[in-house]
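Read the structure below first, then the notes.
Derivation of every value follows stated rules applied to the coordinates shown; laboratory data play no part. Bear in mind that the values here come from a model prediction, so they are computed numbers and not experimental data. Cβ: placed from backbone, ideal geometry, glycine included. Neighbour counts: every protein chain shown.
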Amino acid sequence: MTPEQQVEAWLARLAGERQASPHTVDGYRRDLAKLTAWMAAQGIAEFAALEPNRLRHFVAAQHRAGLAPKSLQRLLSSCRSLFRQLSREGALAHDPLAGVRGPKVQRKLPVVLDVDEAASLVEAGGEGALGVRDRAMLELFYSSGLRLSELVGLRWGDLDLDGGEVRVLGKGRKTRIVPVGRHAVTALRALGEAEGRAPEAPVFRGRGGAPISPRTVQARLHKLALAHGSAKHVHPHLLRHTFASHMLESSGDLRAVQELLGHADIATTQIYTHLDFQHLAKVYDAAHPRARRK
């Protein structure tokens with residue numbers, strides 16, 4: 001097979017056997033198209049002909065073309081995943097990326113709302129049926145730290161309002177059970193009374209009763225935040241960051257926060273420990289006699 005055919009065969013396995021999401025598969029396809037296009041331009045006909053020095057030139061070429069460090073790291077990760085599979089199949093006898101490193105990525109701390117900002121925002125839903133829906137969305141985002149894809153995919157059968165729990169399908173098609181706070185339960189009950197709670201019906205509906213689109217959720221949150229006078233750019237992931245930060249600040253239990261967020265690797269969750277330290281540093285600067293400015 002050509003390199004392009006090998007890539008497509010691997011992507012088909014990802015989508016089929018491993019049930020990777022279409023978004024994940026498309027990301028791999030875009031990254032690996034860069035590699036196969038570069039190979040064609042260099043006259044490299046097969047992956048077995050790749051070796052670390054050549055791939056350093058590939059990384060350098062992508063960097064010169066304007067690919068950001070974070071995107072380069074993701075590109076290398078996509079290549080490594082493909083090469084591992086080819087190695088398992090016996091199509092590759094060596095690691096073409098041995099010793100190849102991308103540029104360092106400076107990790108930015110996520111922006112979060114403080115407790116008062118979060119409480120004020122989630123209570124800022126409008127009037128009428130749209131206001132009831134928006135209030136339930138905001139409360140659930142902040143109460144349970146859901147991803148946008150998890151929220152729009154919810155069905156009423158996924159919710160146990162009496163038990164205060166929601167079952168969500170996360171990344172890698174992994175299911176987890178997340179607590180739902182009492183304010184979110186109240187808002188969801190109001191939504192169910194207004195629209196009905198058939199088990200297979202979407203919790204948050206768009207036009208024609210179909211599940212609400214991710215873009216609509218993003219637009220509604222942005223509009224509500226502007227109307228509320230928020231100085232921060234409010235989006236679904238900001239509320240997830242805010243949930244995680246407030247949970248860690250209150251409990252100090254990093255492992256529990258990892259479980260609630262559905263992170264496969266605790267290193268992903270550890271960024272919130274930096275936020276917590278940042279908060280403590282501010283308290284110290286404001287309160288400690290030796291830190292206060294005269």
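Here is how the numbers come out for the structure above:
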quantity	calculated
Angle in degrees between helix 182-195 and the longest Cα principal axis of the chain, rounded to the nearest 10	90
Protection proxy ranking, peptides 195-205, 230-240, average beta carbon neighbours within 10 Å, highest first	230-240, 195-205
Nearest-0.05 FRET efficiency for MET1 and HIS263, computed from C-beta distance (R0 35 Å)	0.50
Under-5 Å amide H pairs with ARG176, H placed in peptide plane, nonlocal only	VAL168, GLY170
5 angstrom amide H check on LEU113, placed H, neighbours 5+ away	THR242
Dipole axis of the stretch 3-88 (+1 Lys, Arg; -1 Asp, Glu on Cβ), positive-most option in HIS63, PRO3, CYS79	HIS63
Centre separation in Å (Cα based) which lies between the stretch 186-209 and the stretch 6-35	34
Per-residue [θ]222 nm for the chain (sum of -39500 (n - 2.57) over DSSP H runs n ≥ 4, rounded to 500)	-18500 deg cm²/dmol
Pair SER77, ARG101: separation of 7 Å Cα→Cβ label points (nm)	1.8
Highest to lowest packing among 17-30, 66-79, scored as the average C-beta count within 10 Å	66-79, 17-30
Label-point gap, in nm, between ASP160 and HIS23 - each point 7 angstrom along Cα→Cβ	2.7
Under-5 Å amide H pairs with GLU165, H placed in peptide plane, nonlocal only	ASP160, VAL180
Length gained when the stretch ARG13-ARG56 is fully extended (0.36 nm per residue, less Cα-Cα span)	12.7 nm
